[in-house]
Amino acid sequence: MRPNQVWATDISYIPMAKGFVYLVAIVDWFSRKVLAWRVSITMEANFCVEALEEALAHFSKPEIFNTDQGSQFTSQAFTGVLLREKIAISMGGRGAWRDNVIVERLWRSVKYEEVYLHAYGGVSETRSSIGRYLGFYNSRGPHSSLAARTPDQTYFDNLPVKMAA
């Protein structure tokens, strides 16, 4: 119903010309805004924790954080951050893709509008190209589900106005 009510995350496989990397993104459900992301050559939890910490450092914390039951998101390192911040943890059921449909929709956009159009030569190229795309996605890409507004517009225009002292 509003920004920072629910955030979600997931990991996706990103092919390169030779090999592959993993992409994690932290997304605000209401606005579809990508709050933070990381690329990694391994599936260890640390790149997910780094993305979570970055999102928390730059945005208000969510009330609820939704993930699947992947080992990165059930790890003490990841859940410990959520517990420290007193954020309710919601995990989708096994095989319940609809529980994380917002992030799954992001993966579709990333792959069909960016990744599948390029044969990235290496990790650095992959990281910079995906970064440019996610900047476009947030600030210039209108979404039909957001009444043709961008995730940035939807996120920032719906934040509560702080009361003057």
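Any read-out appearing in this document is the output of simple, stated calculations on the displayed coordinates, not a laboratory observation. What you see is a predicted model; the values in this text were computed from it and never measured. Quick reminder, even Gly has a Cβ in these numbers, built from the backbone with ideal geometry, and neighbours come from all protein chains shown.
Tell me the mean residue ellipticity at 222 nm calculated for the chain from its helices only (DSSP H runs of n ≥ 4, each -39500 (n - 2.57), averaged over every residue, nearest 500).
-11500 deg cm²/dmol
Please state the charge dipole magnitude for the chain, taken about the Cα centre, from unit charges on C-beta atoms (+1 on K and R, -1 on D and E), reported in debye and rounded to the nearest 20.
With Lys and Arg at +1 and Asp and Glu at -1, about 260 debye.
Can you say what percent of the DSSP beta bridges in the chain, counting only those with both residues inside, are antiparallel? Round to 5.
70 percent
Quick check: from the Cα gyration tensor, does the chain come out rounded (a/c under 1.5), prolate or oblate?
oblate
For His58, His143, what's the fewest-to-most ordering of other Cβ within 10 Å of each Cβ?
In increasing order of surrounding Cβ atoms, one gets His58, His143.
Glu44 versus Ala119, label points 7 Å from Cα toward the beta carbon: distance in nm?
3.1 nm
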